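The values are calculated or read from the model by the stated rules, or taken from the named source; none is laboratory data. Being a predicted model, the structure only gives us computed values, none of them experimental. Because the Cβ atoms are built from the backbone with ideal geometry, glycine has one as well, and the counts that use them run over all protein chains shown. Ligands, DNA and RNA are excluded from the accessible area calculation, which covers all protein heavy atoms including side chains. Shrake-Rupley method; radii C 1.70, N 1.55, O 1.52, S 1.80 Å.
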Amino acid sequence: NVSSDSMVLFRERGTTQWTQVGTPARTRIHQVQVQGLDSSKFYEFVVRSRACNAATTTDTNNGAGYDFYRHAPDPGPRTQHGTTFDFETGAEGWTVARTTQDQAGLASEWRRGPTGDASATGWHVTSTTLGVPWYHNFNETTLTAPAPVSFGTDGLAAVEFSMALDSEPTFDFLYVDYSTNAGASWTEAAHFDGHNGHPAYTSTDARFGNPGGPVLVRFRFKSDELLSSPAYLGASIDRVTYASYPNAPPGITENLPLTGPVPPPSANA
């Protein structure tokens with residue numbers, strides 16, 4: 001919550017030596033590029049920031065560590081669960097919430113309306129002030145499914161949907177979250193940013209390890225506190241479907257404990 005440097009400590013899983021990369025430039029928007037990784041190996045990493053007063057904070061994911069993205073193997077046959085939500089006749093039980101507004105009191109939230117195709121209807125992040133598909137800074141709005149879904153015994157769950165996206169890259173995101181406790185807490189399945197051809201839609205999905213039992217799904221759009229310029233149009237979704245696959249990617253459901261110091265040695269060491 002204060003300007004600080006951006007550091008990533010990473011290592012190959014099972015080893016003890018950490019490698020630290022990053023930048024000393026102080027900011028509240030952090031991004032670190034890590035190069036030279038071997039895609040055939042597993043790595044774990046933690047993130048750290050140090051402010052000008054030397055206060056340091058390290059995020060170890062509660063001791064579990066984080067793992068870098070790896071390309072998944074072929075997941076096998078697809079199984080659809082339930083019918084497709086096309087939102088043509090109404091909200092179909094999906095509910096909207098808004099949690100923030102910008103410094104001027106301007107707010108955005110999910111609204112149902114035409115997709116641009118005269119024969120289709122979907123959901124759009126819409127300025128409640130201007131009444132048009134557009135979003136303001138420092139906004140967060142959620143669109144939550146009407147009921148949990150069970151993905152059976154397959155190892156990999158998926159939320160499939162059509163998406164039109166126009167957001168500020170690396171700053172404003174569309175998230176797909178899921179909850180195993182009826183919305184008491186949420187886990188991110190995937191996030192998307194940038195431009196994918198908006199207003200045209202593309203088919204995409206968010207895949208995650210099947211946690212077993214009922215899963216509640218939501219779409220969440222969140223913008224940062226900085227004013228985007230030029231203005232971006234936001235996110236639109238349509239045709240939401242649940243599916244599952246038999247094969248989960250390596251590491252997606254297994255525990256990834258830190259095998260060395262928890263947390264890693266201090267930034268001064």
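Key figures for this structure:
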quantity	calculated
Flag for Pro264 being in a loop (DSSP other than H, G, I, E, B), at pLDDT below 90, surrounded by 14 or more Cβ atoms within 10 Å (Cβ to Cβ) and touching a Leu at 6+ places or on another chain (Cβ under 6 Å)	yes
Filter result for Ser162 (polar (S, T, N, Q) and part of a strand (DSSP E or B))	yes
Residues of the stretch 138-169 classified as within 23 Å of Glu225 (Cα to Cα) and either buried (at least 23 other Cβ atoms within 10 Å of the Cβ) or among the hydrophobic types (A, V, I, L, M, F, W, C) (or both), total	7
Test: residue in the stretch 11-34 that is of a type in the set (D, E, K, R), open to solvent by 50 Å² or more (accessible area, probe 1.4 Å), at pLDDT below 80 and within 24 Å of the chain's Cα centre (by Cα)	no
Hey, Ser108 within 30 Å of Pro75 (Cα to Cα) and not aromatic (Phe, Trp, Tyr) or not	no
Residues (open to solvent by 20 Å² or more (accessible area, probe 1.4 Å) and among the small types (Gly, Ala, Ser)) located in the stretch 126-137	Gly131
Residue pairs meeting the criteria (Cβ under 6 Å; at least 6 apart or on separate chains; first closer than 17 Å to Arg98 by Cα and in contact (Cβ under 8 Å) with a residue 40 or more places away in the chain, in the stretch 140-158; second β-branched (Val, Ile, Thr) and open to solvent by 10 Å² or more (accessible area, probe 1.4 Å))	Glu140/Thr99; Glu140/Thr100; Leu143/Val96; Thr144/Thr95
Answer residue from the stretch 203-257, given it is more than 18 Å from the chain's Cα centre (by Cα), among the hydrophobic types (A, V, I, L, M, F, W, C) and at pLDDT below 85 and is most open to solvent (accessible area, probe 1.4 Å) among those	Leu227
Checklist (1) free of Cβ contacts under 8 Å to residues at least 40 places away in the same chain; (2) over 23 Å from Phe87 (Cβ atoms) applied to Asn210, failing item	(1)
Where His124 falls short, out of the listed (1) part of a loop (DSSP other than H, G, I, E, B); (2) more than 17 Å from the chain's Cα centre (by Cα)	(1)
Any hit, the stretch 68-82, residues being closer than 30 Å to Asp154 by Cβ, part of a loop (DSSP other than H, G, I, E, B), modelled with pLDDT of 85 or more and of a type in the set (D, E, K, R)	yes
Subset tally (residues that are on the phi > 0 side of the Ramachandran plot and open to solvent by 60 Å² or more (accessible area, probe 1.4 Å)) for the stretch 170-198	2
Considering residues of the stretch 91-125 that are at pLDDT 95 or above and either of a type in the set (Ser, Thr, Tyr) or at positive phi (or both) only, the residue surrounded by the most Cβ atoms within 10 Å (Cβ to Cβ)	Glu92
Residue count for the stretch 40-53, restricted to those that are closer than 14 Å to Phe10 by Cα and open to solvent by 50 Å² or more (accessible area, probe 1.4 Å)	3
